Amino acid sequence: MSNILTNDQLRQIIPSAYSEKATWLSNNYKTISTENIVDGMRERGWYPTSAKETGTRNSGTAKKHYNFHMIHFRNEEQTERMLNKVGDSIPEMVLINSNNGSRAFRFEAGIFRLVCSNGMVIKDADFGSIRQVHMGEFDLNPHIDKFVKNTIKTGDKILELQNIELDTETQRELVKRAMDIRFGGAKFQPVVDDVLKVRRQGDQGNNGWVVTNRVQEALIRGGVRTQFHCLESGETIYRDAGEVKNLRMRNEYNQKLFNVVDELVLA
């Protein structure tokens with residue numbers, strides 16, 4: 001498996017994960033160590049393949065190193081199994097943590113689609129997630145076992161989507177519900193046909209999986225036209241939607257999108 005990050009590389013990419021507990025936190029706050037989790041994941045055969053961290057709004061020296069960070073893990077056996085079964089997707093586990101008391105430790109099970117190099121974190125009753133407040137270390141192993149078992153179920157769900165052809169009406173309804181996740185109540189609304197536009201060869205077709213990924217691309221990466229009809233002038237104004245760069249919002253939108261697909265297409 002390529003692109004495995006060493007601990008030294010992780011220290012360079014996400015230094016906040018290796019910082020000491022923030023001095024302004026109370027003694028009751030017991031940091032869940034990202035470093036210990038990474039070592040535990042390696043022992044279980046799950047290796048870090050990518051990592052990111054966010055900056056803080058406060059640029060002062062006291063808080064600049066205490067950021068929210070994210071690490072993606074992959075397992076060679078599960079990767080091969082999913083590729084053989086689905087063809088274009090890899091299961092991942094995504095760690096989300098911070099040392100500044102701003103958020104609880106989280107672990108999400110996710111899917112990374114190779115054709116678009118864009119991770120989709122799937123969070124539903126079948127795939128699961130972990131949320132743990134910072135009150136000390138805990139045993140992650142039972143949760144990893146659960147995620148591995150549910151990876152197979154997720155592959156079956158993707159296969160089901162690949163075998164469902166969506167008619168035009170269903171595709172447009174999917175776009176409407178999905179875009180409401182981000183643009184609900186906004187002045188400028190996405191142009192449905194622009195959202196459904198095929199932007200890469202791997203997304204051609206009308207099955208549930210490729211349509212979902214076209215919609216996700218528009219929802220997260222933007223680049224689609226939005227429009228506003230001015231009643232006073234009678235003019236329709238257009239502008240392009242930007243990319244969602246906030247890691248927390250990207251995860252939230254991805255999770256809500258898959259819930260919409262589950263309700264509309266798979267129910």
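Key figures
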| item | result |
| --- | --- |
| ³J(HN,Hα) computed for each position of the range 252-264 - Karplus, 6.51 cos²θ - 1.76 cosθ + 1.60, integer Hz, glycine/proline x | 4, 5, 4, 5, 5, 4, 5, 5, 5, 4, 4, 6, 8 |
| Within the range 167-267: Cβ-based charge dipole about Cα centre, in debye rounded to nearest 20 (Lys, Arg +1; Asp, Glu -1) | 420 |
| Solvent-accessible area, 1.4 Å probe, carbon plus sulfur percent, for the range 144-267 | 44 |
| Using θ = phi - 60° and Karplus 6.51 cos²θ - 1.76 cosθ + 1.60, couplings along the range 214-224 (whole Hz; Gly, Pro as x) | 5, 5, 4, 4, 5, 5, 8, 7, x, x, 8 |
| Amide H contacts under 5 Å for LEU166, placed H, 5+ residues apart | ASN207, GLY208 |
| Calculated from backbone phi, Karplus (6.51, -1.76, 1.60) coupling profile of the range 229-244 in Hz, x at Gly/Pro | 9, 7, 5, 5, 9, x, 8, 9, 9, 10, 7, 7, 6, x, 7, 7 |
| Residues with amide H under 5 Å from that of SER89, placed H, sequence gap 5 or more | LEU114 |
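The values are calculated or read from the model by the stated rules, or taken from the named source; none is laboratory data. Quick caveat: nothing in here was measured; it's all calculated off a predicted structure. As a convention, Cβ positions derive from the backbone with ideal geometry for all residues, glycine included, and neighbour counts pool all protein chains shown. What goes into the accessible areas is simple: the full protein's heavy atoms, side chains included, and nothing from ligands, DNA or RNA. Shrake-Rupley method; radii C 1.70, N 1.55, O 1.52, S 1.80 Å.
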